[in-house]
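The values are calculated or read from the model by the stated rules, or taken from the named source; none is laboratory data. The shown structure was predicted, so the numbers you read here are calculated from the model rather than taken from an experiment. Glycine also receives a Cβ, built like all others from the backbone with ideal geometry; neighbour counts cover every protein chain displayed.
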């Protein structure tokens, strides 16, 4: 069996407050367009199936355009005779058993779709492979219970598909809604392949286990990650990278600002931007050693002059008076709020017991706030 492994497409993700001519968020539109271009590229490989390992949608209540984009992708897959196997990830999984899943809509399409989203282990046979599907669960312990119930099928390739953070990557926690850790025992060599979702970088974590990574750069923290899909051949055990269309994210380097005036800094920023050839690129530029008065005078001048050329320009400011990076502009999509809170608390030198309490209580409060912001009425109180 030859299939394509993708994950974390996050359809509906919007950022940067930049609109196209129709009034749609430009970042959101590009994600839709790149996803459909990716499906067309995948079909060119003539796979036996497409496996999506979670977070098809960015929220549990997708926007209308997110739905219509998926339906358009199903049209393409149906015409090509390629089935879709998909599981729910933490972003698009309803957090109670009484909320209708967005994946229920896909069952009304005529394409061959196998969707696991009901908080339980499910299996599906496609061709000469059996896919063991464990979607995002309500509790971390539910993963292991589901895994222990798996019965591997003889004379077929056995493929495990699940969504969560493998324990060997726990230092890369995303601090996102309902993020669960996958028990190391689940990364078992008894499977021909393990298709993982949630971690946005394309990485191999065992001989038979891979994260495909997201197709798009969802935050600036992912700038160095490999993006795309994986071509998996269960007969040979081969796994190959497949490049897919995405919006560019570029590092424009560092400008030494200590001896420059605000006007000179603005000119230097404009010069770096003029060298960008990619359309609608997201760019990060570090301003090192900037004096505090220069920050105040520079304001939005450097960003305003570049607004038409880029999708986004993120300025990382390292002030002359301190060794702490600050972010200029309104885009905070890449900020790890829980991590930043933890660093702030640890700097205060609290007694160990008090520090542990503040970190736990504050972290939980932040996660609840993030969840309410992301999912509205579906978020727990």
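The selection criterion, being farther than 30 Å from residue 44 by Cβ and surrounded by 13 or more Cβ atoms within 10 Å (Cβ to Cβ), holds for residue 269. For the stretch 308-349, the set of residues classified as touching a strand residue (DSSP E or B) at 6+ places or on another chain (Cβ under 8 Å), outside any strand (DSSP E or B) and modelled with pLDDT of 60 or more consists of 310, 311, 320, listed by residue number.
For residue 9, are the conditions met, namely being at negative phi and over 18 Å from the mean Cα position of the chain (by Cα)?
Numbers: at negative phi: yes; over 18 Å from the mean Cα position of the chain (by Cα): no.
No.
For residue 89, the conditions (1) buried (at least 24 other Cβ atoms within 10 Å of the Cβ); (2) in contact with a helix residue (DSSP H, G or I) (Cβ under 8 Å, 6 or more places away or on another chain); (3) modelled with pLDDT under 95 all hold with the exception of (2). Annotation: residue 224 fulfils all but one of (1) closer than 16 Å to residue 5 by Cα; (2) at pLDDT below 95; the unmet one is (1).
Looking at the stretch 103-129, which of the residues that are exposed (fewer than 14 other Cβ atoms within 10 Å of the Cβ) and either free of Cβ contacts under 8 Å to residues at least 24 places away in the same chain or within 22 Å of the chain's Cα centre (by Cα) (or both) is nearest to residue 49 (Cα to Cα)?
If we filter the stretch 103-129 for residues that are exposed (fewer than 14 other Cβ atoms within 10 Å of the Cβ), which is where we start, we get 104, 107-108, 110, 125, 128.
Subset that is either free of Cβ contacts under 8 Å to residues at least 24 places away in the same chain or within 22 Å of the chain's Cα centre (by Cα) (or both): 104, 107-108.
On the way: 104: 20, 107: 17, 108: 19 Å.
Top of the filtered list is 107.
What do you reckon, is residue 100 farther than 22 Å from residue 246 by Cβ, without any contact (Cβ under 8 Å) to a residue 12 or more places away in the chain and not in a loop (DSSP other than H, G, I, E, B)?
Values: farther than 22 Å from residue 246 by Cβ: yes; without any contact (Cβ under 8 Å) to a residue 12 or more places away in the chain: yes; not in a loop (DSSP other than H, G, I, E, B): no.
Against the criterion (farther than 22 Å from residue 246 by Cβ, without any contact (Cβ under 8 Å) to a residue 12 or more places away in the chain and not in a loop (DSSP other than H, G, I, E, B)), residue 100 does not qualify.
Of all the numbered requirements in (1) in contact with a helix residue (DSSP H, G or I) (Cβ under 9 Å, 6 or more places away or on another chain); (2) under 30 Å from residue 20 (Cα atoms); (3) at pLDDT 90 or above; (4) surrounded by 15 or more Cβ atoms within 10 Å (Cβ to Cβ), residue 281 misses one, and that requirement is (1). Within the stretch 1-14, residues that are without any contact (Cβ under 8 Å) to a residue 24 or more places away in the chain reach partners that are in a strand (DSSP E or B) with beta carbons closer than 7 Å, at six or more positions or on different chains, in the pairs 14/25.
Specify the residue that is nearest to residue 59 (Cα to Cα); the eligible residues are those in the stretch 146-177 that are in contact with a helix residue (DSSP H, G or I) (Cβ under 8 Å, 6 or more places away or on another chain), surrounded by fewer than 19 Cβ atoms within 10 Å (Cβ to Cβ) and at pLDDT below 80.
So the residue we want is 176.
When residue 221 is tested against (1) crowded, with 18+ Cβ neighbours inside 10 Å; (2) more than 23 Å from residue 39 (Cα to Cα); (3) under 16 Å from the mean Cα position of the chain (by Cα), only condition (1) is not met.
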